[in-house]
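Data block below; observations after.
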Amino acid sequence: MSRPLACALSTLMLATALPASAQTPSALRDLVGARAGQAEGELNRRGYQATDRSEVVGDGRMTYWRKGNDCVSIMTRDGRYASIYQAGRSECGSGGSDRSNATAIAAGVAIVGLAAAIAAHNSHHRDADGDHDREYQRGYEAALHGADYDANHETEGYHEGFLAGEDEGQNRRHANSGWMQNAPYAARQACSRRADEFQNRPYGSSVPIGVRDLGRGDFELTMATGSYRSRCTVSASGDVRSMDPG
């Protein structure tokens, strides 16, 4: 992956790790970019306590901190606080709710989706150059965030990125729907990991978009990895029985 793309991805990760409405609390803005070890002590001094909830998201780790009824999520990357966002009160609950966990999975997909899409795309284009990567990213982000197709400035990279972004946006909407809460969190998480392995993609690339209750505690989940589909048969506790092409 080109250096310009790597820098752009860092910006994208901060922008898409949480819903667009999330904001950095004004009282904690000065800690963004601070070294994690030092900032933890400052968080404690300001009344925040770490919860037991921690998740790997892309190339970073998301942790949740509570102060009374307030909750914030902190993304740590390369030993520093990359972002601090206000989170819902339930996000800091003991272990988090199923809905909260589903949101975290969708967030992980949003973060690594572009990187995985470009890596897969470039594998078929002999590692395209930086200009192509930037155009691909421009198209991908436009589609992901619901912008109109820019027909006046289209390029091959932009066009292909836009198509991939449309797929990713649709996957995220389905993954975060109420219907997907019919599948236990452990089952969704296990199938997400197995689908990443099955499609040979980075962890966090796959997300469940459909569920069928097979009875006796087993479920069949339709998994989406970009435009690719697979079927995961799994128990409620997360024991994957089988993984097949979609």
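Here are the numbers:
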{"read-out": "Residue that is modelled with the lowest pLDDT, among those in the stretch 80-96 that are crowded, with 18+ Cβ neighbours inside 10 Å and in a helix (DSSP H, G or I)", "value": "E91"}
{"read-out": "In the stretch 21-49, the residues that are outside any loop (DSSP other than H, G, I, E, B), farther than 12 Å from Y81 by Cα and open to solvent by 60 Å² or more (accessible area, probe 1.4 Å)", "value": "S26, A27, N44, R45, Q49"}
{"read-out": "Residue identified as part of a strand (DSSP E or B), at pLDDT below 85, within 18 Å of the chain's Cα centre (by Cα) and basic (K, R) among R53, R99", "value": "R53"}
{"read-out": "Looking only at the stretch 213-227, and only at residues there that are closer than 21 Å to A164 by Cβ and modelled with pLDDT of 90 or more, the one that is nearest to the chain's Cα centre (by Cα)", "value": "A224"}
{"read-out": "Count - residues of the stretch 217-235 that are touching a helix residue (DSSP H, G or I) at 6+ places or on another chain (Cβ under 6 Å) and under 15 Å from S192 (Cβ atoms)", "value": "10"}
{"read-out": "Residue check for R66: part of a strand (DSSP E or B) and open to solvent by 60 Å² or more (accessible area, probe 1.4 Å)", "value": "yes"}
{"read-out": "Exclusive hit being closer than 20 Å to W179 by Cα and more than 18 Å from the chain's Cα centre (by Cα), set G238, G210", "value": "G238"}
{"read-out": "Selection count where residues are touching a residue at least 40 places away in the same chain (Cβ under 8 Å) and closer than 16 Å to Q181 by Cβ, scope the stretch 213-232", "value": "0"}
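The values are calculated or read from the model by the stated rules, or taken from the named source; none is laboratory data. Bear in mind the structure is a predicted one, so any value in this text is a computation, not a measurement. Note that we place each Cβ from the backbone using ideal geometry, even for glycine, and neighbour counts take in every protein chain shown. Note: accessible area is taken over every heavy atom of the protein model, side chains too, but ligands, DNA and RNA are not part of it. Shrake-Rupley method; radii C 1.70, N 1.55, O 1.52, S 1.80 Å.
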